[in-house]
Amino acid sequence: MKRFIISVATCVLALNACRDNTGKTGFINERAALPESLKSLTVNQKFTTSAMNKTAGTMSVLYAGKGNLTLVTWKKKGDENWFGANVPDSLLTVEVLHSPYPGSAHVELYNCFDHNGQLMKQDSLAEITRIGYISSLKPSIFP
Amino acid sequence: MNQTKNRSRTYLLRISSVLAVLLIAMQLYHPAINNSKADAEIQAPPEIKAILKNACYDCHSNTTDLRWYDQIAPVYWQVAAHVQTGRKALNFSQWQNMPSADQKAKLWESVNQIIAGAMPLKSYTIIHRQAVLTPAELTVLKAYVSSLAAKSKPGDTSKLKVADNQLKPKKKDLAQKKLPVEMNGIAYLPDYKNWQVISTTDRFDNGTMRVIFGNDIAVKAVKENRTNPWPDGTIFAKVAWDQLEDAKGNITPGAFKQVEYMIKDHQKYASTNGWGFARFKTENLIPYGKTALFAAECINCHRPMKDADFVFTQPIRN
């Protein structure tokens, strides 16, 4: 009898231990967050488009506002909630193009920040390539 | 002493006969589970079909195979109810009646329901142990659906054409038209484009890229860590576009595919777990579904996320 009770108790414990292990809690993606010093570049700025790069394994969002174009780029990772999707992982860069005349090809300033908000040094060729890429992004289509 | 023993024995006997009669009476109510035609059955490699047959067909096909112990009420009543709702939600016997894109989407959803432990139903696998997928079977299924994933090719001219068409000026722009309304009464909310980005996804399962916008209440909830449950008034808008790839592996959004909303109101939408669902498809924003019952499909798919207030998206810390 005693043994029976013990085995029943073990089963109940085991069943409870397994319950809802699959359920995910309402986690917030902390790794993808922008450093405090750069948040104002995206908060209340207008979403323009999104982009990805297959070879680099990155995904980005482009914002426009205050004469700036701001491209936020993350490394991507498999979505733990959906087999079949990738989502932003750690932040890689925040690039800012400042143009005195919105919509014009004239760029006054290019800045690239790392995930800590530190300004990164880049050679001028890389800079020109990035300015060209960011300027080439067209707004997403909305009906 | 002997007398008490005798008395309790008669008592037990009486109870068991009442129970026996009850059990027999229960068998009289036996709603039929009809196995009907399976002429549009899923076409898949034999190893895939074997897994689905073994784990899913009892509830999701027209060829339910009841064991003797399934036939006894009250167990039978639960079985019959599961088969009825299961077939309605997903039916491998009528698979080919769905458009090919929907067939693929339902297979991806199936794999995700299995990974989440939501399917096959727990109440079923307790008795039918053989239906639990082995890790090897799950790997085989994952590889199979991955082989069905949308294949993007650089400079896909047909996709480019659809996007270009959407960019052409329209005779009547949306502002002049009446806003479309979903079957459950939720109207299209045009302002979502000005909301904050909550996250973005690369849906390589169906070749789309998505952005999830949140209204002010959603953004504030993220800031204050109040996302489980999300507060009433929260609205998400998830937009999907085609993926356009160039020769360098750069991917940008092409044609607009759809926008989906989730609106939190725990009282108004109590019957759908506190969320009002809506989906508007194509640039013409055609409401999804034929009746208000379309939301059952939304809820079935979101149910494995019940511990995260039914939301798949992990918002980015703001």
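All of the numbers you see were taken from the coordinates with simple rules; none came from a lab. Bear in mind that the values here come from a model prediction, so they are computed numbers and not experimental data. Here Cβ is always computed from backbone atoms with ideal geometry, including for glycine, and neighbour counts include all displayed protein chains.
Some points to look at:
- Distance-filtered residues of the range B:254-287 - backbone nitrogen under 15 Å, label point 7 angstrom along B:Ser158 Cα→Cβ: B:255
- Neighbour-limited loop hits for chymotrypsin sites (Phe, Trp or Tyr not before Pro), the range B:1-59 (at most 16 other Cβ within 10 Å; DSSP other than H, G, I, E, B): B:Tyr29
- Length-normalised contact order of chain B in % [C-alpha pairs under 8 Å, at least 6 apart]: 13
- Within the listed set B:Arg203, B:Arg226, B:Arg279, the residue fluctuating most in the Gaussian network model of chain B (springs between alpha-carbon atoms under 10 angstrom) is B:Arg226.
- Checking every one of the GluC sites (Glu not before Pro) in the range B:161-262 against DSSP loop status and a limit of 11 other Cβ atoms within 10 Å picks out B:Glu224.
- Amide H contacts of A:Asp89 (H built 1.01 Å from N, in plane; Pro and chain starts excluded): A:Lys75, A:Lys76, A:Lys77 sit under 5 Å, all sequence-distant by 5 or more or on other chains.
- Approximate spin-label separation B:Thr139-A:Lys46, in nm, with each point projected 7 Å along Cα-to-Cβ: 5.1
- Counted residue by residue at 0.36 nm each, then reduced by the alpha carbon distance between them, the extension gain from B:Tyr29 to B:Ala292 reaches 91.6 nm.
- From helices alone, chain B scores -11000 deg cm²/dmol at 222 nm; the rule is -39500 (n - 2.57) for each run of n ≥ 4 DSSP H residues, then divide by the residue total.
- Close amide-amide hydrogen proximity is noted between B:Asn250 and A:Lys54, each under 5 Å apart and 5 or more residues distant or on a separate chain (H modeled in the peptide plane; Pro and chain starts excluded).
- The range B:157-308, relative contact order [Cα under 8 Å, separation at least 6], %: 21
- For the range B:203-216, backbone phi angles converted through the Karplus equation (6.51, -1.76, 1.60; θ = phi - 60°) give residue-by-residue couplings of 8, 6, 5, 10, x, 10, 10, 10, 10, 10, 9, x, 6, 4 Hz, Gly and Pro being listed as x.
- Checking every one of the trypsin sites (Lys or Arg not before Pro) in the range B:13-106 against DSSP loop status and a limit of 11 other Cβ atoms within 10 Å picks out B:Lys37, B:Arg67.
- Hz values of 3J(HN,Hα) by residue in the range B:28-41 - Karplus curve (6.51, -1.76, 1.60), Gly and Pro given as x: 5, 8, 9, x, 6, 10, 8, 8, 10, 5, 10, 8, 10, 5
- Over all other residues within a Cβ to Cβ distance under 14 Å of A:Val43, the charged ones net out to +4, with Lys and Arg as +1 and Asp and Glu as -1.
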